[in-house]
Each structure stands twice: as structure tokens, then as C-alpha cells.
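*Asks:* I have a structure here, written as C-alpha cells, and I will follow up with some questions on it.
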Amino acid sequence: MRRNQQPRILESVIVEAYAAEGKSLARQDGKVIFIEGVVPGDVVDVRLGKNKKDWAEGHAVRFHQYAAERVQPFCQHFGVCGGCQWQMLPYAKQLQFKQQQVFDNLTRIGKVALPPFEPIVGAPEDRFYRNKLEYTFSTKEFTPGKPSPSGESYDDPLPGSAGFHARGFFDKVVAIEKCWLQDDISNRIRNAVRDFARANGISFYDIRAHVGMLRTMQVRLCTTGELMVNIVFGEEREKQRIALLEFVKQSFPEITTLLYTINLKWNDSMFDLEPQVYTGTGYAIEQLEAFRFKIGPKSFFQTNTKQGERLYQVTREFAELDGSQVLYDLYCGTGSIGIFCSRGAKKIVGVELIEAAIGDAKENAALNNIEHAFFTAGDVIDVCNDEFFATHGRPDVLITDPPRAGMHEKLVNKILEMEAPTVVYVSCNPATQARDLALLDAKYAVTRVRPVDMFPHTHHIENVVQLKLR
Ligand code: SAH
């Protein structure tokens with residue numbers, strides 16, 4: 001018998017604890033099993049996927065008992081839509097798991113000395129918190145439970161559906177009637193566009209055949225009340241396009257700027273496309289404290305404005321600025337952290353890979369009358385060399401906010417060499433942050449830690465760490 005031929009279904013497994021990445025764990029015969037879609041306290045039958053000597057992965061196929069602390073998910077699309085997978089947990093419990101997750105990573109992977117953690121900054125509003133959503137239109141709808149032997153032909157009764165791209169499916173959408181991530185105006189616009197297209201013979205995009213008119217739509221709703229909508233079309237068809245845009249303009253006076261983009265490519269990426277303005281200025285203004293940010297249809301901005309403001313407040317507090325310091329903002333995106341901290345710094349130096357983001361950063365600095373900021377585009381490991389620091393000044397405070405992969409080791413070494421007295425590390429992945437903290441430990445002590453929850457009902461977590469030169 002082959003070594004792996006054990007039963008693929010484990011029965012009545014008691015889920016013990018939260019693990020990571022949204023999965024919880026159980027132990028069976030000395031083996032750790034990571035399970036999706038369950039919470040500690042559930043008792044389930046588990047179908048195993050990956051199955052190694054000490055650990056396995058699986059998903060629940062039958063529930064014998066639900067954890068007592070489970071709550072009823074508030075969204076009708078829960079379980080089908082991949083969006084807000086933690087709705088079955090009370091928000092306070094989600095926060096507790098997130099804080100625990102950061103602690104586990106920093107102690108187990110980082111293995112560095114830690115101060116007591118400051119309490120996670122929870123979101124006062126756990127619904128309607130996203131300023132940006134992208135909806136997908138498609139000829140094919142993902143229907144749970146419906147087998148897809150060929151993946152090809154469903155006899156969908158409608159010409160197309162609108163919602164979110166279905167996880168694990170190249171060509172399907174999860175049809176959405178009501179999403180709780182954005183104020184209901186967003187749902188009304190999406191449903192109206194869908195219904196107008198259905199009623200007026202405007203085709204939905206078929207990604208396999210690469211034909212169809214309606215592809216995607218981005219809705220950006222700012223705390224200032226500004227509402228930017230960009231509709232992406234897969235074909236020219238000017239008459240249909242204008243009919244739809246005119247309908248949207250007339251039906252939704254709340255929209256402050258309406259754009260469209262023609263995308264004849266096979267992929268959905270926006271970076272090489274030129275959105276066209278149909279009404280309004282073509283951008284929206286977002287505000288954090290008194291700072292204003294101009295956001296174009298392609299600009300990056302923290303997707304949860306209110307928690308973004310809190311994240312930056314924690315970051316600024318940890319930076320301990322007194323007006324005399326040279327502040328570096330690495331991985332600066334559109335310059336928002338540097339701009340937010342600008343009143344406390346003598347000079348701000350921002351570095352970011354994406355050229356267009358640096359263009360936005362410069363515009364945002366000007367919009368806020370900031371003249372002591374310098375922004376440059378390039379890879380941090382190429383830009384941040386001796387000459388660069390000699391030109392712009394030794395860093396007194398260095399803020400770093402890398403993507404999920406964390407910092408390149410070369411950059412960590414450069415930071416160790418530059419010896420800024422204070423480093424603030426903002427991270428969206430505590431595992432890579434922990435790895436980098438272990439390297440920085442050669443010269444830096446972790447002095448403050450405070451996670452911030454930017455994404456309620458998901459397992460994603462942001463963490464801010466203050467480091468001081470020993
Ligand atoms: N600090 C910003 C953005 C953080 S997201 C904010 O708060 O809005 C991380 C940023 O790092 C992204 O904008 C990404 O484009 C940038 N980035 C990724 N790899 C990079 C690299 N090697 N060098 C410079 N910037 C990089």
C-alpha cells in the first residue's frame with residue numbers, strides 16, 4: 001500500500017485554534033490540520049487536500065456542531081462570494097485573532113524581544129468601509145453547486161451578470177445584488193448598469209471568446225462625498241456606449257465624475273489604458289485629516305479611508321517628529337504617509353517604483369502647499385544608495401511600507417548601514433515583517449507595536465512597528 005493511502009476524510013474533527021490566513025487548525029494523531037471556512041469550536045468532517053507527514057490542509061464537508069460564538073453572517077452572498085469570509089465571527093473576535101496573529105508571527109518568526117503590544121485599532125464602522133470597488137461583468141455566472149464538467153457551456157438564462165470575479169474561475173462572476181462594502185449607491189449603480197445593458201441589447205464581456213461590450217466598472221466613493229465611476233468597455237460601439245453613459249449620468253446625479261475606458265486587450269490591467277472623461281473633472285478628492293489627495297481613475301490610495309487615517313496617525317506618532325528631522329518615506333505610493341507627516345519634518349524624501357504614483361505624489365504635495373518634499377521613482381534597492389543619502393541627507397526617521405513580500409534584504413542591509421535613530425515599519429504581512437525585524441535586530445530594538453484593522457470581516461491585517469537604534 002502506498003504511504004499516502006489513508007482516508008481522505010477525517011470525521012468529527014474539533015477545531016482548536018485560529019492559525020493564519022483565515023484558516024483554523026485541528027490536531028489529529030500528532031498531525032496539524034489547517035482548515036478553511038471554520039472557526040475554533042466547530043466540529044466538522046474534513047476532506048483533506050495537501051497531506052504531509054506533520055501537517056495537512058483541508059476543508060469542511062460537513063458540520064456536526066457550530067462554535068457557540070458564531071454569529072449569523074449579514075450578507076446574502078456570504079459563502080459564495082469570496083469577499084468577507086469572517087462574517088461568522090463577531091467583530092471583537094476577529095480583532096482578537098488579528099492581534100494574536102501579529103503576536104504569533106513576531107514571536108515565532110521574528111524571535112526578537114518585544115514590548116507589550118498596544119491594542120489593535122479596530123474600525124468603528126465595519127461596513128461600507130471601502131472607498132474603491134471594482135465590479136466585473138460577464139456572460140458567465142458562478143453558480144455554487146452547479147457542476148462544471150467542461151467549464152464551457154452554461155445555459156445562463158440572461159445575457160450576462162454583474163458582481164465580483166469568482167475566485168478560482170477564469171471566466172465567471174459571482175452575481176451580486178447587494179454588497180456591504182460600499183454605501184448602497186454603489187449597488188444601485190451596478191444593478192442599474194446591468195439592467196440597462198440587459199434591456200438594451202448591450203453585450204456582456206465573454207473573456208474566453210474575447211467579445212462583448214461591458215467589461216468592468218470601478219466605483220470610488222470618497223469621504224468628501226465625491227463619487228467617481230469608470231466604466232470599461234471591450235468594444236468601440238459609440239452609440240451603445242453613449243446611450244449607457246447618458247443613462248448613468250441622468251440616473252445618478254450623485255456621480256461627480258463619470259469616465260469610460262475602452263479596453264480591446266485580452267487582459268484587464270489598466271496601466272496602459274487611457275480613461276476618458278465623460279462628465280466632471282476626471283478625478284476625485286479624498287481627505288485625511290486636513291490633507292487633500294487627488295485620486296485619478298488609476299491612482300492607488302488606501303482603500304479604507306477612515307482606517308487609513310488611523311494607520312497614518314499611528315505611523316506619525318511612532319515617527320516622533322519634532323520639525324527638525326529628515327524623513328524618508330520608502331515605498332511611498334502616492335506620497336500619502338510623507339504628506340500626512342509633513343508638518344513634523346524638515347524634509348521628506350519619498351521613493352516608489354511606479355512612475356505614475358510619483359506623479360500623483362508630486363501633485364498631492366502641491367495640493368497641500370508642501371514645498372519641502374522630494375519624490376523619486378525607482379526600485380528602492382537601486383535608488384537608496386550612498387549617493388542618494390549623501391544628496392538628500394542622512395535619515396533621522398525612516399518609514400518603510402513595503403508590499404506583502406516585505407523588504408529586499410539589500411534594503412534591510414542599507415537601513416542597518418544608514419543608522420537612522422528611528423525606523424517605523426508599516427506592514428500588510430506580519431510574516432514578512434517578522435522576518436525583516438529579525439534582520440534589523442542586529443542594530444534595532446522593537447520599541448512599539450500596534451496593529452490596525454483596515455479590512456473588517458477579512459483576515460487581512462496591517463501592523464505598525466517602531467524600532468530604535470540600540
Ligand atoms: N505607502 C503607500 C503605499 C504602500 S503599498 C500608502 O500608504 O499608500 C507598497 C508600495 O510599494 C506600492 O505603491 C508599490 O508600487 C511599491 N513598491 C513595490 N516594490 C517596490 C520596489 N522594489 N521599490 C519601490 N517601490 C516598490
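Bear in mind that the values in this text are calculations on the coordinates, not laboratory data. Being a predicted model, the structure only gives us computed values, none of them experimental. Every residue, glycine among them, receives a Cβ derived from its backbone with ideal geometry; neighbour counts consider all protein chains shown.
*Asks:* Are there any GluC sites (Glu not before Pro) in segment 387-470 that are in a DSSP loop and have at most 15 other Cβ atoms within 10 Å? List them by number.
*Replies:* Those that pass, being in a loop and sparsely packed, are 419.
*Asks:* Right, something else. If I model a spin label at residue 51 and residue 208 as a point 7 Å from the Cα along the Cα→Cβ vector, what separation in nanometres do I get?
*Replies:* 3.2 nm
*Asks:* Once you place label points 7 Å from the Cα toward the Cβ at residue 21 and residue 238, how far apart are they in nm?
*Replies:* Distance between the two pseudo-spin positions: 5.0 nm.
*Asks:* Something else about it: Determine the percent antiparallel among the DSSP beta bridges restricted to segment 107-256, to the nearest 5. Each step should come with its number before you reach the end.
*Replies:* On the way: 19 of 21 bridges.
If we restrict to bridges inside segment 107-256, about 90 percent are antiparallel.
*Asks:* Taking the alpha-carbon distance from residue 468 and a cut-off under 18 Å, which aspartates and glutamates remain once sequence neighbours fewer than 8 residues away in the same chain are dropped?
*Replies:* Qualifying aspartates and glutamates at Cα under 18 Å: 118, 317, 320, 322, 329, 396, 401, 417, 419, 436, 441.
*Asks:* With every atom except the alpha carbons ignored, what do you get for Rg and Dmax of segment 274-382, in angstroms?
*Replies:* According to the Cα coordinates of segment 274-382, Rg and Dmax are 13.8, 46 Å.
*Asks:* Could you go through segment 430-438 in sequence order and give the Karplus-derived ³J(HN,Hα) for each residue, using 6.51 cos²θ - 1.76 cosθ + 1.60 with θ = phi - 60°, rounded to whole Hz, and x for Gly and Pro?
*Replies:* x, 6, 6, 4, 4, 4, 5, 5, 4
*Asks:* For segment 15-102, please report how many Lys pairs fall under 25 Å Cα to Cα, leaving out neighbours fewer than 8 apart on the same chain.
*Replies:* Final tally of qualifying lysine pairs is 10.
*Asks:* Roughly what would the spin-label model give for residue 61 and residue 252, points 7 Å off Cα along C-beta, in nm?
*Replies:* 4.3 nm
*Asks:* Relative to a virtual label point 7 Å from the Cα of residue 281 in the Cα→beta-carbon direction, which members of segment 233-269 show backbone nitrogen distances below 17 Å?
*Replies:* Within reach of a label on residue 281, which here means backbone N under 17 Å from a point 7 Å along Cα→Cβ, segment 233-269 contributes 254-259.
*Asks:* Give the longest segment of the chain that steers clear of chymotrypsin sites (Phe, Trp or Tyr not before Pro) in DSSP loops with at most 10 neighbouring Cβ atoms within 10 Å, not counting the sites themselves. Walk me through the intermediate numbers first.
*Replies:* Details: sites that count: 170, 266, 271.
Formally, the longest exposed-site-free interval is 272-470.
*Asks:* What length, rounded to one decimal in nm, is gained on full extension from residue 183 through to residue 306, with 0.36 nm per residue of separation minus their alpha-carbon distance? Could you put the intermediate results ahead of the total?
*Replies:* Working: separation 123, 0.36 × 123 = 44.28 nm, distance 1.41 nm.
Separation in residues times 0.36 nm, less the Cα-Cα distance, equals 42.9 nm.
*Asks:* Full extension from residue 198 to residue 409: what is 0.36 nm times the residue separation minus their Cα-Cα distance, to one decimal in nm?
*Replies:* Values: separation 211, 0.36 × 211 = 75.96 nm, distance 5.24 nm.
Length difference between fully extended and current span is 70.7 nm.
*Asks:* Charges only on Cβ, +1 for Lys and Arg, -1 for Asp and Glu: so what's the dipole of the chain about the Cα centre, in debye to the nearest 20?
*Replies:* Numbers: 56 positive and 59 negative charges, 226 e Å.
Roughly 1080 debye, rounded to the nearest 20.
*Asks:* Can I ask one more? In a Debye calculation with equal point scatterers on the alpha-carbon sites of segment 403-460 and no solvent, what is log10 I(q)/I(0) at q = 0.19, 0.27 Å⁻¹?
*Replies:* Debye intensities relative to I(0), on a log10 scale: -0.72, -1.26.
*Asks:* Order of 14, 358 from fewest to most other C-beta atoms within 10 Å? Working shown, then result.
*Replies:* Numbers: 14 14, 358 21.
Listing 14, 358 from fewest to most nearby Cβ atoms yields 14, 358.
*Asks:* While we're looking at this one, here's another question. Near residue 362, which lysines are there with a Cα under 24 Å away, not counting those fewer than 8 places off in the same chain?
*Replies:* 132, 294, 298, 306, 346, 347
*Asks:* Which whole-Hz couplings ³J(HN,Hα) result when phi for each residue of segment 208-223 is put into the Karplus expression 6.51 cos²θ - 1.76 cosθ + 1.60, θ = phi - 60°, listed in order with x for Gly and Pro?
*Replies:* Here the 3J(HN,Hα) series is 6, 7, 6, 9, x, 8, 7, 10, 9, 8, 9, 10, 10, 10, 8, 5 Hz.
*Asks:* Which three numbers, in whole Å and largest first, are the semi-axes of the equivalent ellipsoid of the chain derived from its Cα gyration tensor as √(5λ)? Write down the numbers at each step before the final one.
*Replies:* On the way: eigenvalues 280, 236, 73 Å².
Ellipsoid half-lengths, sorted descending, are 37, 34, 19 Å.
*Asks:* To continue, here is another question. Given only helices, namely DSSP H runs of n ≥ 4 each adding -39500 (n - 2.57), what is the per-residue ellipticity at 222 nm of the chain, to the nearest 500 deg cm²/dmol?
*Replies:* On the way: 10 runs with 110 residues, N = 470.
-7000 deg cm²/dmol, from helical runs alone.
*Asks:* Then there is this: With a cut-off of 8 Å between alpha carbons and a minimum separation of six or more residues, what is the relative contact order of the chain in percent?
*Replies:* Result for the chain is 14 percent.
*Asks:* While we're on this one: I need 242, 262 ordered by Cβ neighbour count within 10 Å, fewest first. Intermediate results must be reported in sequence, preceding the final value.
*Replies:* Numbers: 242 12, 262 18.
Fewest to most other Cβ atoms nearby, the residues stand as 242, 262.
*Asks:* Nearest 20 debye, what's the magnitude of the dipole of segment 1-89 about its Cα centre given +1 on Lys and Arg Cβ and -1 on Asp and Glu Cβ? Provide the component values of the computation, followed by the final result.
*Replies:* Working: 12 positive and 10 negative charges, 97 e Å.
Dipole of segment 1-89, to the nearest 20 debye: 460 debye.
*Asks:* I've got another one for you. So how do 10, 114, 214, 398 line up by other beta-carbon neighbours within 10 Å, fewest first?
*Replies:* Numbers: 10 21, 114 17, 214 30, 398 25.
Result, fewest neighbours first: 114, 10, 398, 214.
*Asks:* While we're looking at this one, here's another question. Given 5 Å bins starting at zero, what is the percent of C-alpha pairs of segment 64-114 in each, up to the one with the largest pair distance?
*Replies:* Histogramming segment 64-114 at 5 Å steps yields 4, 18, 18, 17, 16, 11, 9, 5, 1 percent.
*Asks:* Give me the number: length gained by fully extending residue 158 to residue 372, i.e. 0.36 nm times residue separation minus the C-alpha to C-alpha distance, one decimal in nm.
*Replies:* On the way: separation 214, 0.36 × 214 = 77.04 nm, distance 5.62 nm.
Contour length minus the Cα-Cα distance gives 71.4 nm.
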